[in-house]
Amino acid sequence: MKKFDVIALGELLIDMTDNGVSGQGNTLFEANPGGAPCNVLAMLTKLGYKTGFIGKVGEDLFGRKLKSVLEEVGIDTSNLCVDAECRTTLAFVETKEDGDRDFSFYRNPGADMQLKKEDIHLDLLEQTKLFHFGTLSMTHDEVREATKFAVEYAKEQGALISFDPNIREPLWSSMDLARKQVEYGLGMCDILKISDNEIVWLTGEEDYSKGVAELKEKYDIPLILVSMGKEGSRAYYKDSMVEKSAFVQPNTIETTGAGDTFMACVLHKVLQDGLENLKEEQLDEMLTFANAAASLITTRKGALRVMPEEHDIREMIG
């Protein structure tokens, strides 16, 4: 028996989220704990799974806050490292009228970029059923080496590998480098979550099914999820494709964390049902549950510490 259900590696940062204006007319920012991998873990922890995080924060007030929040929500922090030299990464998030976001990162360098191969606790990788990662920990040489080491070691230990590219263009020196790292992830993962705009960028195909077919031909990925925002989501598994509509919210505040919440709920179903012989009914249930949870998180500021309860998700599904 493995001690952990899911271990994730990557960025842990503060989302400085636009939260109105002061009496003087100045923009107010709320310091929300964030970072895609930990958002995924927070939702999985809410669903009852044992999770742990591998990453690095600064020895500063934000780093201390983030460690405290992870402990508060129940994510294991034994491999959360602290860097005395670099500050915790900040991401200023501007929310547009439709709830979408624009990011400005303060990360040159940020503590999350300083994770080294030797910082990683091998026992976490040996003791997990599933390992999850993205590309924000692959933008620079040293943290990229650490990420690839962790992915490969976890895979050797028999863990399922889950990958969400989560491309943030301003963080890359070139999009060719970004493409190369995404291709690495595609070659390693068993479960891929990719957004509609990412699949168009990666394959050049406006037809998502054609884009997925291209990826399936090149990479042996058992389960591919395409998230399409307000248009819903799709699951591609073997010769099956299931599509489910989104639960569109009239009271959406922002979309931060929606994709991560969706990803976590997909992993929840994979941990329950495995990846062998999934039926269309199971894929249908997976997408319905994940879409509902993602919809709920758009009604809340931030994500990591405000993930929905399972009974709220079930209530939305009806």
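The numbers here are math on the coordinates, done by the rules we state, and not lab data. The structure presented is a predicted model; accordingly, all values stated were derived computationally and were not measured. Here the Cβ positions follow ideal geometry from the backbone for every residue, glycine too, while neighbour counts run over all protein chains shown.
Quick notes
- Cross-link reach is defined here as a Cα-Cα straight distance under 17 Å, omitting same-chain residues fewer than 8 places apart; for K2 the aspartates and glutamates meeting it are D76, D123, E126, E156, D273.
- Highest to lowest packing among 149-160, 28-39, scored as the average C-beta count within 10 Å: 28-39, 149-160
- Over the chain, relative contact order from alpha-carbon pairs under 8 Å, at least 6 apart, %: 17
- Unit charges on C-beta of K, R, D, E only; dipole of the chain, Debye: 500
- Taking the average, over residues, of other Cβ atoms within 10 Å as the packing measure, peptides 263-269, 60-66 rank 263-269, 60-66 from highest down.
- Sites D60 and E169 - FRET efficiency at Förster radius 41 Å, r taken between beta-carbons, to 0.05: 0.95
- Whole-Å semi-axes of region 211-318's equivalent ellipsoid (Cα gyration tensor): 25, 15, 12
- Look at the alpha carbon pairs under 8 Å that are at least 6 residues apart: their mean separation over the length of region 116-185 gives a relative contact order of 38 percent.
- Here the 3J(HN,Hα) profile of region 292-305, calculated from phi with Karplus coefficients 6.51, -1.76 and 1.60 at θ = phi - 60°, is 5, 5, 4, 5, 4, 5, 6, 8, 10, 6, x, 8, 3, 9 Hz, Gly and Pro shown as x.
- For S162, the shell of other residues with beta-carbons less than 14 Å away shows a net charge of 0, using +1 for Lys and Arg and -1 for Asp and Glu.
- Pairwise label distance in nanometres, D239 with A84, each label 7 Å out on the Cα-Cβ vector: 6.2
- Inter-centroid distance (Cα atoms) of region 175-198 relative to region 286-307, Å: 23
- When the listed pairs K3/K129; K46/K238; K65/K116; K218/K279; K3/K155; K46/K155 are checked against a 19 Å cut-off, the alpha-carbon distance exceeds it for K46/K238; K65/K116; K218/K279; K46/K155.
- Relative contact order computed over region 233-306 (Cα-Cα under 8 Å; 6+ residues apart), in percent: 48
- In a simple Cβ point-charge model (Lys, Arg +1; Asp, Glu -1; nothing else charged), region 63-127 has a dipole of about 280 debye relative to its Cα centre.
- Size of electric dipole in region 5-71: Cβ of Lys, Arg +1 and of Asp, Glu -1, about Cα centre, debye, nearest 20: 220
- Relative compactness, region 2-100, computed as alpha-carbon Rg over 2.2 N^0.38 Å: 1.19
- Calculated over the chain, the projected area of the Cα convex hull averaged across directions stands at 16.0 nm².
- For region 201-231, the residues whose amide N sits under 20 Å from a probe point set 7 Å from the Cα of E276 along the beta carbon direction are 220-224.
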